[in-house]
Structures are given as C-alpha cells and as structure tokens.
Amino acid sequence: NEPPVISITVPQNNSFQNAAPLTVSGTVTDKSAISYVKVNGIEATVDGQHFTAALTLSEGTNSITIESEDQYKNKGSVSLTVTLDSVVPTVTISSPAPRASFSTPDATITGVVTDSSTFTLSINGQEVSSSHFNGSQFTYPVSLTEGENNVEFLAVDAANNRWETTLTLLMDSIPPQI
C-alpha cells in the first residue's frame, strides 16, 4: 500500500513569518481512510482532505513536520522550514542631523540598517539599490528644495516587519539682505 500524500498550502517552505502562532494548512490524500494528521506531533483538525493546525513558533528558524497515517498504518510525511522574525529592522541615520540646514539642493544621507533577514530600504519612495550600500551602511543622495524638506524612510524585512520615519532637512539658499 502507498502512504498518504501530503501537500502544504500554507506556509511556503523557507518563508518568513512575523507573528506566531502560525496556522499550517494543506491537504492529505490516500486511497484509504486517513487515521490522523499531525503537525510537529500535534493532532491537526481534518475536514475531508483538508487539514489545519495552529503551531507556536520560536524566534528564528523552525522545522515543521507534517505526518499522516492511513487506516493500514502507511505513513507519509513532509517537512519544511519557516523563520519567525518578529523584530523590526533598525535604521540609524548617521548624517545629516534632523533639521540640518543646507545652502545648496544637494544633500547626502548616510546610515546603517540592521536586521536578521534581507530587507529593502526606500527613501522618498525610491528603493535604495545595492550600489548605495557597503555591507549594512548606506550613502544616498537627495535633492532639496527651498525651505523645509521631509525625507521619508521605509525599511521592510523579509517577514514584512516595517520601520518608518521622517527626517526634516532645511534648504536656505537665499543670502540675508542687509
């Protein structure tokens, strides 16, 4: 006899999650009746061919094994890995300081992004390309207009944790009148 065939709907293998518990769901098929489906040893709820189970994850890499047995004691299993990353990326803006004043429209922003997974950094809605990074440090040019300028930052990691802030810079290119 053949073992049950298990297909996982959610989560995807090697995916990142930012919250626990995680609902694991999928289907199990077999020519005979299914005796059980277990997710990491916990009995799953089975409705026809569909199963679901809530699983508590630990921060970092988690191994998940789904096992099923049919009425003839044939066992099938499938394993996957999921990473729980509930930590928001950290972005430190090294320069310029908030409310720094410039006499020309050219400003360069430098800083550091730290996160345990891959991330994207956007400044004023534009993704900062890898050419602006040296490891986790970034240098990015922005163009200012006369007056107050709000520079918007958004960092998003692989688990969709988001960090946002606004840096206000000033441009005053008009010389004082005497």
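The values are calculated or read from the model by the stated rules, or taken from the named source; none is laboratory data. Keep in mind that what you see is a predicted model, and the values were worked out from it rather than measured. For neighbour counting, all protein chains shown are included, and Cβ atoms are generated from backbone atoms with ideal geometry for every residue, glycine included. Note: areas computed on protein heavy atoms with side chains; ligands, DNA, RNA excluded. Shrake-Rupley method; radii C 1.70, N 1.55, O 1.52, S 1.80 Å.
Numbers at a glance
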read-out	value
Residue count for the range 40-60, restricted to those that are in a strand (DSSP E or B), open to solvent by less than 70 Å² (accessible area, probe 1.4 Å) and touching a Leu at 6+ places or on another chain (Cβ under 6 Å)	1
Members of the range 42-53 found to be touching a residue at least 24 places away in the same chain (Cβ under 8 Å) and under 21 Å from SER63 (Cβ atoms), listed by number	PHE51, THR52, ALA53
Flag if SER32 is over 21 Å from SER116 (Cα atoms), in contact (Cβ under 8 Å) with a residue 12 or more places away in the chain, open to solvent by less than 50 Å² (accessible area, probe 1.4 Å) and not in a strand (DSSP E or B)	yes
Pair list, Cβ under 8 Å, 6 or more apart: the range 140-165 residue under 22 Å from ASN14 (Cβ atoms) and of a type in the set (Val, Ile, Thr), other residue part of a strand (DSSP E or B) and open to solvent by 80 Å² or more (accessible area, probe 1.4 Å)	VAL156/ARG162
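For every residue, the table says whether it meets (1) modelled with pLDDT of 95 or more; (2) out of contact with any helix residue (DSSP H, G or I) (no Cβ under 7 Å at 6 or more places or on another chain); (3) among the polar types (S, T, N, Q); (4) surrounded by 12 or more Cβ atoms within 10 Å (Cβ to Cβ).
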position	(1), (2), (3), (4)
PRO4	yes, yes, no, yes
PRO11	yes, yes, no, yes
ALA20	no, yes, no, yes
ILE64	yes, yes, no, yes
GLU69	yes, yes, no, yes
VAL78	yes, yes, no, yes
VAL82	yes, yes, no, yes
ILE93	yes, yes, no, yes
ASP106	yes, yes, no, no
